[in-house]
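**Q** First the structure, then my questions, so here it is.
The values are calculated or read from the model by the stated rules, or taken from the named source; none is laboratory data. Everything numeric here is computed off the predicted structure, so don't read it as measured data. When we count neighbours, we look across all protein chains shown, and the Cβ atoms used for this are built from the backbone with ideal geometry, even at glycine.
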Amino acid sequence: MSVYNHRPMVPAPQSRVVEMLESIRGEFDQLAQELYLCKSQRDDFEHKMNQQISEMNSFQQSLLELERTQQNQKKHYEDEIARLRQQIEARGGNASHPGIPLPGHPQQQPPHPQQPPHTQQQAHQPPPPNIGPGSNYFGGIMNAHGNQAPPGLVAPPQMSDQSPNGPPLPPHGAYPPSQPPPPSSSGTPAGYSQPPPPSNPGYAQSPRGMPTPPTSAHPQQPQRQQEWPNGYNYPSRPGSAAPPPQQQQQPPQGNNESPSLKRKSASSVPTPPQNINTASSAMVPRTKSMASPSNAHQQQQSGLADVDPESVPPNMKVEGQDWFALFNPKTNRQLKVDLVHTLDHASVVCCVKFSADGRYLAAGCNRATFIYDVATSQRVAVLQDDNIKMEGDLYIRSVCFSPDGNYLATGAEDKQIRIWDIQKKRIINILVGHQQDIYSLDFSRDGRLIASGSGDCTARIWSMADGKCLHVLRITDHDQKDPGVTSVAFSPDGRIIAAASLDKMVRIWDTQSGVLFERLEGHKDSVYSVVFMPDGKMLVSGSLDKTLKLWQLGTNEGRGIGMDRDRSKGPCKMTFTGHKDFVLSVGCTPDGRWVVSGSKDRGVQFWDPRTGQTQFMLQGHKNSVISVAISPSGRPLFATGSGDNRARIWSYDPINS
């Protein structure tokens, strides 16, 4: 076999290389096809995404156009309503006629003039929302960026005023039929265990106990008995805490209305907003919603809440690290304000309250109440019921110290009132009876009674000794639906209790008999807070209509029935206008010199109740100021609780100190 026989086998490796190249080419073509398919899918996805973005932009543009149209319609209706109200005022009528809708509710048209009043009320009285435990009360209020009312504690859009044919009130100072007036100032009955005898709410009781038919007008006023300092015809109860002496308040002559001030309030010359209008009638308060468009614009431009801090002189403002205060340039500066402590929490601070000696501050939050030493800001106690299920939120909406400082009452969304022993940090009693959330609590000065207000349309008076419910103060007005009680307050002498409600009224009850003394009408929206002045003769209320009102008690004019009465004698003595949003809390300094208010506009304002002017406006929170409290004794301090999860303690010292 020759070596040349192997030469033809040399080209074999070259054929294998060609095959491998063909295989690689085939795989490359396959990958190229897959890449082309992926690119096609990507282009398809991009096309669909761009189409959806275009549709979303178109939808957003349509939504903005609808919003602008709605705002224009709202402004048109508000201007029309203001014009109609101005015409009614010019004719001497009632500007709060139930047939005229409030701004923000343009869907309600004015009724036909031929309709009877009762038909008009039914046509313009939609059912109010329920204040149930599941209502997000604080979620709606604390959104400071919106103007929507909260879905929980909110009044209906338009509720009719009190019908003249409704059940009349007993005369102011009248005693229950079974209890004749005491023979002397020291002879008042002291029993609280017996409930008042049943009586027909449609009739007022005569001095001998005989019912008299209800009347809508009183052509002949009976001769009044001697007026006692508390505004009603009864003496002070023996042993009860007396109001602060007059020499502590040192009010100037402007505190009691002089004839010149009455003439000024009765005149038709409009007063600037900082010189707050004295209300000429409880039925026709001077609020921004009733002013003409030009006047309303003038009011909005002159409030401290609208002032640019940069334009205020240095001597009329105080600036901190994250807060500032603007003083009213139209009045003499009398106070200096400063931040003392900042107390951070993990949830919204729903309420704040000082102890009677001013040493401690309680802050109600989600599930827990925290007690702080005011001097050092140290947390001294955490009160939390461990027996409650940990599902969901349970906000502590109201707290109140007992006068001796040993106990703390807390009210929450679970309809229960818990009485805590602060030293032992345990519950000693639970008061059960309310059917909906507890919104407000207050102790009487002697510590024997506790008042509570709830969304179940009742205020209740409890005995601190045994926890029994002594009186259920139920709102039974036939023309009001679900008027939840938002705030309660005892008078300084403990004889009467004030209850604010969603139906725009403040009601005055007798704590001993449970008799309704008076209804204070004038607010245009739900009343969220009430507080007595130290002398017990006047009351301050704050409302969702963005105003505060100062009421004179015992004037027998609170029902707003007599249309031809002297308006200068109405119970509303002054309306404080200046907040830009809901007024959520009000307070009063121990000497009665200043009225304090906290608002959803994140601000706190100090008001002079003698002149109605704002002393200063404080901006120190990043969300709604839900609660304000004033220290009853010691250094001049006040506290604020807010939706920004903070409670803050502030000082308000006189400028000459």
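**Q** Inspect the stretch 607-621 for any residue being out of contact with any His (no Cβ under 8 Å at 6 or more places or on another chain), of a type outside the set (Asp, Glu), within 14 Å of Leu361 (Cα to Cα) and surrounded by fewer than 19 Cβ atoms within 10 Å (Cβ to Cβ) and give the result as yes or no.
**A** Kept after step one, since they are out of contact with any His (no Cβ under 8 Å at 6 or more places or on another chain), are these residues of the stretch 607-621: 607-621.
Next cut, of a type outside the set (Asp, Glu) only: 607, 609-621.
Checking the rest, the ones that are also within 14 Å of Leu361 (Cα to Cα) come to none.
No.
**Q** Can you go through Ser627, Ser597 and tell me which one is in contact with a Phe, Trp or Tyr (Cβ under 9 Å, 6 or more places away or on another chain) and either at pLDDT 95 or above or among the basic types (Lys, Arg) (or both)? Talk me through it step by step, then tell me what you get.
**A** Working: Ser627 fails: in contact with a Phe, Trp or Tyr (Cβ under 9 Å, 6 or more places away or on another chain).
When all the criteria are applied, what remains is Ser597.
**Q** Say whether the condition of being in contact with a Phe, Trp or Tyr (Cβ under 9 Å, 6 or more places away or on another chain), in contact (Cβ under 8 Å) with a residue 60 or more places away in the chain, surrounded by 18 or more Cβ atoms within 10 Å (Cβ to Cβ) and not hydroxyl-bearing (Ser, Thr, Tyr) is met by at least one residue in the stretch 452-459.
**A** Yes; the residues of the stretch 452-459 include at least one that is in contact with a Phe, Trp or Tyr (Cβ under 9 Å, 6 or more places away or on another chain), in contact (Cβ under 8 Å) with a residue 60 or more places away in the chain, surrounded by 18 or more Cβ atoms within 10 Å (Cβ to Cβ) and not hydroxyl-bearing (Ser, Thr, Tyr).
**Q** Follow-up. Applying the selection to the stretch 617-657, what residues are in contact with a helix residue (DSSP H, G or I) (Cβ under 8 Å, 6 or more places away or on another chain) and not in a strand (DSSP E or B)? First the steps, then the outcome.
**A** Within the stretch 617-657, the first condition is being in contact with a helix residue (DSSP H, G or I) (Cβ under 8 Å, 6 or more places away or on another chain), and the residues that meet it are 617, 624, 626, 643.
Scanning the stretch 617-657 gives Ser624, Gly643.
**Q** Out of the stretch 390-408, which residues are small (Gly, Ala, Ser) and either part of a loop (DSSP other than H, G, I, E, B) or over 19 Å from Ala451 (Cβ atoms) (or both)? Break it down into steps so the answer makes sense when it comes.
**A** Just the residues of the stretch 390-408 that are small (Gly, Ala, Ser), to begin with: 392, 398, 402, 405.
Passing the criteria: Gly392, Ser402, Gly405.
**Q** Could you check how many residues of the stretch 369-389 are assigned to a loop (DSSP other than H, G, I, E, B) and surrounded by 12 or more Cβ atoms within 10 Å (Cβ to Cβ)?
**A** Looking only at the stretch 369-389, we keep the residues that are assigned to a loop (DSSP other than H, G, I, E, B), and these are 374-378, 385-389.
Checking the rest, the ones that are also surrounded by 12 or more Cβ atoms within 10 Å (Cβ to Cβ) come to 374-375, 377, 385, 388.
Within the stretch 369-389, residues that are assigned to a loop (DSSP other than H, G, I, E, B) and surrounded by 12 or more Cβ atoms within 10 Å (Cβ to Cβ) number 5.
**Q** Out of the stretch 497-517, which residues are within 24 Å of Val583 (Cβ to Cβ) and of a type in the set (A, V, I, L, M)? Steps first, please.
**A** Here is the first cut: in the stretch 497-517, the residues within 24 Å of Val583 (Cβ to Cβ) are 497-509.
Listed by number, the residues that qualify are Ile497, Ala498, Ala499, Ala500, Leu502, Met505, Val506, Ile508.
**Q** Suppose we keep only residues that are out of contact with any strand residue (DSSP E or B) (no Cβ under 9 Å at 6 or more places or on another chain) and at pLDDT 80 or above within the stretch 552-594. Which one would you say is farthest from Thr331 (Cα to Cα)?
**A** By that ranking, first place goes to Asp591.
**Q** Here is a list of conditions, (1) closer than 30 Å to Ile430 by Cα; (2) assigned to a loop (DSSP other than H, G, I, E, B), and Asp322 meets all of them except one; can you say which number that is?
**A** (1)
**Q** Scan the stretch 392-441 for residues that are basic (Lys, Arg) and surrounded by fewer than 19 Cβ atoms within 10 Å (Cβ to Cβ) and report the count. Walk me through how you get there before you give the answer.
**A** In the first step, residues of the stretch 392-441 are kept if they are basic (Lys, Arg); the result is 397, 415, 418, 424-426.
Checking the rest, the ones that are also surrounded by fewer than 19 Cβ atoms within 10 Å (Cβ to Cβ) come to 415, 424-426.
Number satisfying all stated conditions: 4.
**Q** Which of the residues spanning the stretch 341-367 are under 17 Å from Trp594 (Cβ atoms) and not in a loop (DSSP other than H, G, I, E, B)?
**A** Here is the first cut: in the stretch 341-367, the residues under 17 Å from Trp594 (Cβ atoms) are 354, 358.
Residue satisfying the conditions is Phe354 alone.
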